[in-house]
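Note sheet for the following structure.
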Amino acid sequence: MSHSTVEAAPFGDVPLSLGNGVLEANEIHDAAAVVTGNYVNPDHALPLPYPQGDWYLRQTMVPALRSGETVIAHTLIPGLADYYRDVGLLPRDATVIEVDPQKNGSNSFGFPYTDPLEVLRGSRQFDGQYLCPTFNGAFVEAQAKDLNLRTLDRAESTLSNHKSRLREAADEYGFRVLPGMALSHPKDMQVAVEADWNTEHGAWLKFPTGSGGDLVIRIKEQVTPGVLEAAVAKLRRNIGKAFAEGTFEAAFDDFWPESAVAPEGFPLVLEADAHTVGDVVANGSTQFLTSKRRGISFAGNFVQLTTDAGEYLGNEPYTDMPAAARAAAEAQTALAAEYNAKEHRYYGIAGVDWFLTQDGDGRMQVSVGELNSRPTANTPPIIISQKRGAQHFINTNVYTDTPIGSIDDFVHTVGEDLAYGDPHKKGMVVPQAFRSIARGGSVEASPHFKVAVLGRDAAHCRAVLRTLGNMGVRFEP
């Protein structure tokens, strides 16, 4: 079954590109891009508590590939690449380099077993293309050099994604952040407890770098010394899982001694709940591209879908966003982007997470929560939607009881009409990543995966979700 690609840009004024578009933003011309997702850095500075998430999210780059780009990904489940080509998501002149995840006894995840760049080292030489990874740093640059890949001239992701540095830059660059502070020393804990923004609305404790829901701890009550100590201990345990399940240059107890409030150089961020400044209208984000020559191009504003505990589930375009709120969000985003370009030489795809609040007089305010100097989890569905000409999408995780060992299993689970559907008619369900592991010609099948639901508008996409729900598909763990 074959479907032609429909190039359209329903979200913003720029068709996003994970690779070649990023090179153009950096004024690099006549060069090709090699893209890869990497969410765990073996130098330990950008940990994700579960290395499974690092391996899993790498797959999302494949259906977002543009013409002429190359992606380094893990081995896809049987039939998936053909499916992407059939539905017009994988251009014929795009290249997918599939790398088998390695295994060491019971340890199937983490560095170096599920790091495709590391697996390729010593066995592959490229032709001097530019590597466009999700996160970059000294170790990734060394991997690229060994593979004869060039890298972009930008600061390490530990700096450009650093939440404490972002708070420090707010006053200088003029963007607004929620009340809060960085925690480095025991005395900071008492300052936080006594702060006037410490109210019954609670707070959020965040690790300053990396990605993943387990790096954020929600505190649902007014912060007391005991409550804060317990939250810090929980966050430390979550980071400890990364070191237990992955392989890092540092030992966990050396990286974060039990007696320390935070690792050296990585102060935690304690941020007041947005209800402290007003009624929360939306938890959202603005996706954009920063170019050396053209400045900022907005790809759209989105509403985050999260659990009550703050775990990220997905997102969708913020279609009914008030005009004043859109202007405020994009103004705040532009200031954060200016900071990132000047301080970190960051040009490319990025996103700003924010809260939209309203005070008692009806005045709306946008407060920046995070700056993500990378293609975010909602970048691939934007590109997928642009390719298929969809006017709306819902990016979400899916939980089922049917192990997915091949594309045929996926089609059976969601139905052929939706797997190969038209976004403008019945709708379409595009698989973005599977938790099934393809390795050595066999598949360890998992029933869980990530999809982009494409449709005409928000109501249409929700109708598709209801259809999936009636088929036994769940959208929360």
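The values are calculated or read from the model by the stated rules, or taken from the named source; none is laboratory data. Predicted model, so just to flag it, every value in this text is computed and none were measured. Positions of Cβ are backbone-derived with ideal geometry, glycine not excepted, and every protein chain shown enters the neighbour counts. The protein model used for the area step is the full one, side chains on, heavy atoms only, and it has no ligands, DNA or RNA in it. Shrake-Rupley method; radii C 1.70, N 1.55, O 1.52, S 1.80 Å.
Taking H as built 1.01 Å from N, whose amide H comes closer than 5 Å to the amide H of I296, not counting residues under 5 places away?
Result for I296 returns S291.
Can you list residues from other chains, or at least 5 along the same chain, whose modelled amide H is less than 5 Å from the amide H of Q304?
Under 5 Å from the amide H of Q304: N283, G284, S285.
Would you please state the base-10 log of I(q)/I(0) at q = 0.16, 0.32 1/Å for segment 376-424, with intensities from the Debye formula using one equal scatterer on every alpha carbon?
For segment 376-424, the Cα-only Debye profile gives -0.57, -1.13.
First check a/c for segment 146-248, with a ≥ b ≥ c the square roots of the eigenvalues of its C-alpha gyration tensor; if it is under 1.5, answer rounded, and if not, answer prolate when a/b is larger than b/c or oblate otherwise.
Here segment 146-248 falls in the oblate category.
If contacts are Cα pairs under 8 angstrom and at least 6 residues apart, what is the relative contact order of the chain in percent?
Relative contact order here is 19 percent.
Tell me the mean residue ellipticity at 222 nm calculated for the chain from its helices only (DSSP H runs of n ≥ 4, each -39500 (n - 2.57), averaged over every residue, nearest 500).
Counting only the DSSP helices, I get -8500 deg cm²/dmol.
Any idea what the alpha-carbon Rg over 2.2 N^0.38 Å comes to for segment 394-477?
1.06
Summarise the accessible area of the chain (1.4 Å probe, protein heavy atoms) by the percent that is carbon and sulfur.
C and S fraction of accessible area: 47 percent.
Would you mind getting the accessible area per residue of segment 240-350, heavy atoms of the protein chains only, 1.4 Å probe, in Å²?
Averaged over the residues of segment 240-350, the accessible area is 40 Å².
Based on the alpha-carbon set only, what is the convex hull volume of segment 184-321 divided per residue, in Å³?
Given the Cα convex hull of segment 184-321, per-residue volume reads 161 Å³.
Rounded to the nearest whole Å², what accessible area per residue is found for segment 410-468 with the 1.4 Å probe?
38 Å²
Please label the shape of segment 263-360 as rounded, prolate or oblate, based on the square roots a ≥ b ≥ c of the eigenvalues of the alpha-carbon gyration tensor (a/c under 1.5 means rounded; beyond that, a/b larger than b/c means prolate, else oblate).
Oblate.
Just name one of T400, I382, Y339: the one whose Cα is farthest towards the positive end of the charge dipole of segment 334-405 (beta-carbon charges, Lys/Arg +1, Asp/Glu -1).
The listed residue farthest towards the positive side: I382.
Do the alpha carbons of any pairs in K220/K450; K145/K450; K145/K206; K241/K387; K206/K241; K387/K426 sit beyond 27 Å of each other, and which pairs?
Checking Cα-Cα distances, K220/K450; K145/K450; K145/K206; K241/K387 exceed 27 Å.
What ³J(HN,Hα) values, in whole Hz, does the Karplus curve 6.51 cos²θ - 1.76 cosθ + 1.60 give for segment 29-38 when θ = phi - 60°, with x put for Gly and Pro?
Here the 3J(HN,Hα) series is 10, 6, 9, 9, 10, 10, 10, 7, x, 8 Hz.
Contact order normalised by length for segment 321-423, with contacts defined as Cα pairs under 8 Å and 6 or more residues apart; what percent is it?
Reported as a whole number, the value is 19 percent.
Could you provide, to the nearest whole Å², the per residue accessible area of segment 67-138 with probe 1.4 Å?
The answer is 38 Å² per residue.
Just want to confirm a number: the relative contact order over segment 39-189, from Cα pairs under 8 angstrom separated by 6+ residues, in percent.
Reported relative contact order: 17 percent.
Return the sequence-ordered ³J(HN,Hα) values of segment 326-342 in whole Hz as given by the Karplus equation 6.51 cos²θ - 1.76 cosθ + 1.60 applied to θ = phi - 60°, using x for Gly and Pro.
For segment 326-342, the Karplus-derived couplings read 4, 4, 5, 4, 6, 5, 5, 4, 4, 5, 5, 5, 5, 4, 5, 5, 6 Hz, x marking Gly and Pro.
Principal axes first, then extents: for the Cα atoms of the chain, list largest minus smallest coordinate on each axis, whole Å, largest first.
Cα spread of the chain along its principal axes, largest to smallest: 63, 51, 48 Å.
About the Cα centre of segment 155-230, how large is the charge dipole given +1 on each Lys and Arg Cβ and -1 on each Asp and Glu Cβ? Please answer in debye to the nearest 20.
200 debye
Dipole size in debye (nearest 20) for the chain around its Cα centre, Lys and Arg Cβ +1, Asp and Glu Cβ -1?
Here the chain has a charge dipole of around 800 debye.
Would you pull out the residues with amide H under 5 Å of H201's amide H, same chain only if 5 or more places away, H placed 1.01 Å from N?
Here the answer is none, since no amide H 5 or more places off falls under 5 Å of that of H201.
Just to check I understand the Karplus step: with θ = phi - 60° and J = 6.51 cos²θ - 1.76 cosθ + 1.60, what whole-Hz values come out for segment 464-474, glycine and proline as x?
Each residue of segment 464-474 in turn: 5, 4, 5, 4, 5, x, 5, 8, x, 7, 10 Hz.
I need the GluC sites (Glu not before Pro) found in segment 256-290, filtered to DSSP loop residues with at most 11 other beta carbons within 10 Å of theirs.
Answer in residue order: E258, E264.
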